[in-house]
Amino acid sequence: MEKVQTACRSVTEEKDAIDTLRRIIVSYEKKESNLIQILHMAQALFGYLPDSVLRVIGEEMNLPMPVIHSVVSFYSYFSTQPKGRHTIQVCLGTACYVRGGTRVLDALKNSLQIDVAQTTSDGRFSLEVKRCIGSCGLAPAIRIDQTVHKRVNPTRIDEILDLYR
């Protein structure tokens, strides 16, 4: 099995996580109709869905890889790339967009030197775009992990990021 960059810190922890995944698949009766739930559990366990984990799911459920990949690629919740320690979500809903959300996004991309759906080389930040994070009255807004930062402007980006460095 290829090396998986997971939240697991050792080979033993990784093996335990794979064993746990196998038990989860059995508990869901290996039914294709339960694939989405199994993928959710696998992503919670590993932090993302690397090919090696998808292959275990395919083998255990007797499903072809194209079926699994089609589900993973269809739902934006699933990630096949490792996520950073902090997830930054930039709102580009109507209110945030009109009030400068794209300028905030550009400032984040410039400061972090990554694009949307990427993670910084140090593994600290991942960048995402969302259609609405529920702070329309205080737009533009970003969410870092579970904290919403409101009335964000490009000049405040480094100050906000420093809170998470």
- Message: For the ranges 126-135, 45-54, what's the packing order if you count other beta-carbon atoms within 10 Å of each residue, average per peptide, and put the highest first?
- Response: 45-54, 126-135
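Shape call for region 86-162 from the C-alpha gyration tensor, a ≥ b ≥ c root eigenvalues: rounded (a/c under 1.5), prolate (a/b greater than b/c) or oblate?
Working: a/c = 1.68, a/b = 1.59, b/c = 1.06.
Prolate.
Please list the helices of the chain that count as membrane-span-like by this rule: a mean Kyte-Doolittle hydropathy of at least -0.5 together with Cα atoms stretching 20 Å or more along the helix axis, each helix being a complete DSSP H run.
Numbers: long enough: 11-27 (24 Å, -0.09).
Span-like helices, by this rule, are 11-27.
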- Query: If you look at just the Cα atoms of the chain, how large are its Rg and its Dmax in Å?
  - Reply: 18.3, 52
- According to the square roots a ≥ b ≥ c of the eigenvalues of the Cα gyration tensor, what is the shape class of region 71-120, taking rounded for a/c under 1.5, prolate for a/b larger than b/c otherwise, and oblate for the remainder? oblate
- Where both residues lie in the chain, what percent of DSSP beta bridges are antiparallel, nearest 5? 55
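For Glu60, Glu14, what's the fewest-to-most ordering of other Cβ within 10 Å of each Cβ?
Placing the least packed residue first, the sequence is Glu60, Glu14.
If you wrap a convex hull around the C-alpha atoms of region 11-74 and split its volume per residue, what is the figure in Å³?
Details: hull volume 4.7 nm³, N = 64.
Dividing the Cα hull volume of region 11-74 by its residues yields 73 Å³.
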- Number of Lys-Lys pairs in the chain under 24 Å by Cα, sequence gap 8 or more or different chains? 11
- Indicate the gyration tensor shape class of region 39-115 (rounded, prolate or oblate), computed on the Cα atoms with a ≥ b ≥ c the square roots of the eigenvalues: a/c under 1.5 is rounded; otherwise a/b larger than b/c is prolate and the rest oblate. prolate
- Query: Taking amide hydrogens as modeled 1.01 Å from N in the peptide plane, which residues meet the under 5 Å criterion relative to Lys130, leaving out close sequence neighbours?
  - Reply: Val90, Cys91, Leu92
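Laboratory data are not the source of any read-out in this text; all were calculated from the coordinates shown. Predicted, not measured: the structure shown is a model, and the values here were computed from it. In this analysis, Cβ positions are derived from the backbone assuming ideal geometry, glycine residues included, and neighbour counts consider all displayed protein chains.
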